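Input: a single structure, listed below in structure tokens.
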Amino acid sequence: MKILVLNGPNLNLLGEREPNIYGDETMQSINDEMLELGRGMGYEVEYFQNNAEGRLIDRLQEARLDCAGVIFNAGAYTHYSYALRDAIASIKIPVIEVHMSNVDNREDFRKISVISPVCCGSISGFGKYSYYLAFYALNNILGEGK
Ligand code: DQA
């Protein structure tokens, strides 16, 4: 079973981007740790990051055919992309919404997520551990995978 870790705009700049908010670890080092975690649960893990909304939609549509579930940090698209929301609603596999920062104690516009209602659940505010917690959540939903 494969889990897709999908990251949206600007998350490729982790480690460099606003380290006071997102920390100083790169996406590569977080991905490496997730690979270990996922493997330990018996999953294959694939990463995809893109800054373009359409590419994220394409990957979500493909995921319905080749993945058991998705861990998704949609970045700023979270707050206004109805197209991503519709893409998530269009596929039957579970999607977990993830944010590294606590979106509820930042600017008002970040308090709105248009994708939350179509995701299984949301994890926000734990830095890289938000992704790790999402693995546990997905593993539980998928019935301990394997
Ligand atoms: C983010 C929060 C979003 O508001 C922001 O636009 C991001 C990252 C997070 O992981 O905390 O790009 O999704």
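Things to note:
Okay, residues lined up against (1) in contact with a strand residue (DSSP E or B) (Cβ under 7 Å, 6 or more places away or on another chain); (2) under 24 Å from Tyr22 (Cα atoms):
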residue	(1), (2)
Gln49	yes, yes
Ile57	no, no
Val70	yes, yes
Ala83	no, no
Ile93	yes, no
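- Residue list for region 59-83, restricted to those being within 11 Å of the chain's Cα centre (by Cα) and of a type outside the set (A, V, I, L, M, F, W, C): Gly69, Asn73, Gly75, Thr78
- Search result, residues across region 101-126 that are surrounded by fewer than 11 Cβ atoms within 10 Å (Cβ to Cβ) and either in contact with an Asp or Glu (Cβ under 8 Å, 6 or more places away or on another chain) or among the polar types (S, T, N, Q) (or both): Asn105
- Residues within region 100-125 that are within 13 Å of the chain's Cα centre (by Cα) and either more than 10 Å from the ligand (Cβ to nearest atom) or among the aliphatic types (A, V, I, L, M) (or both), tallied: 8
- Leu4 being at pLDDT 95 or above, closer than 16 Å to Glu97 by Cα and within 16 Å of the ligand (Cβ to nearest atom): no
- So Asn10, is it within 16 Å of the ligand (Cβ to nearest atom), open to solvent by 50 Å² or more (accessible area, probe 1.4 Å) and in contact (Cβ under 8 Å) with a residue 24 or more places away in the chain: yes
- Identity of the residue in region 64-78, in contact (Cβ under 8 Å) with a residue 24 or more places away in the chain and either surrounded by fewer than 17 Cβ atoms within 10 Å (Cβ to Cβ) or over 21 Å from Ser130 (Cα atoms) (or both), that ends up nearest to the ligand (Cβ to nearest atom): Ala76
- Qualifying residue in region 46-58 (condition: open to solvent by 60 Å² or more (accessible area, probe 1.4 Å), at positive phi and over 12 Å from the mean Cα position of the chain (by Cα)): no
- Scanning region 111-123 for residues that are over 15 Å from Gly8 (Cβ atoms), assigned to a loop (DSSP other than H, G, I, E, B) and free of Cβ contacts under 8 Å to residues at least 60 places away in the same chain turns up at least one hit.
The values are calculated or read from the model by the stated rules, or taken from the named source; none is laboratory data. What you see is a predicted model; the values in this text were computed from it and never measured. Reconstructed Cβ throughout: ideal geometry from the backbone, glycine too, with neighbour counts over all protein chains shown. What goes into the accessible areas is simple: the full protein's heavy atoms, side chains included, and nothing from ligands, DNA or RNA. Shrake-Rupley method; radii C 1.70, N 1.55, O 1.52, S 1.80 Å.
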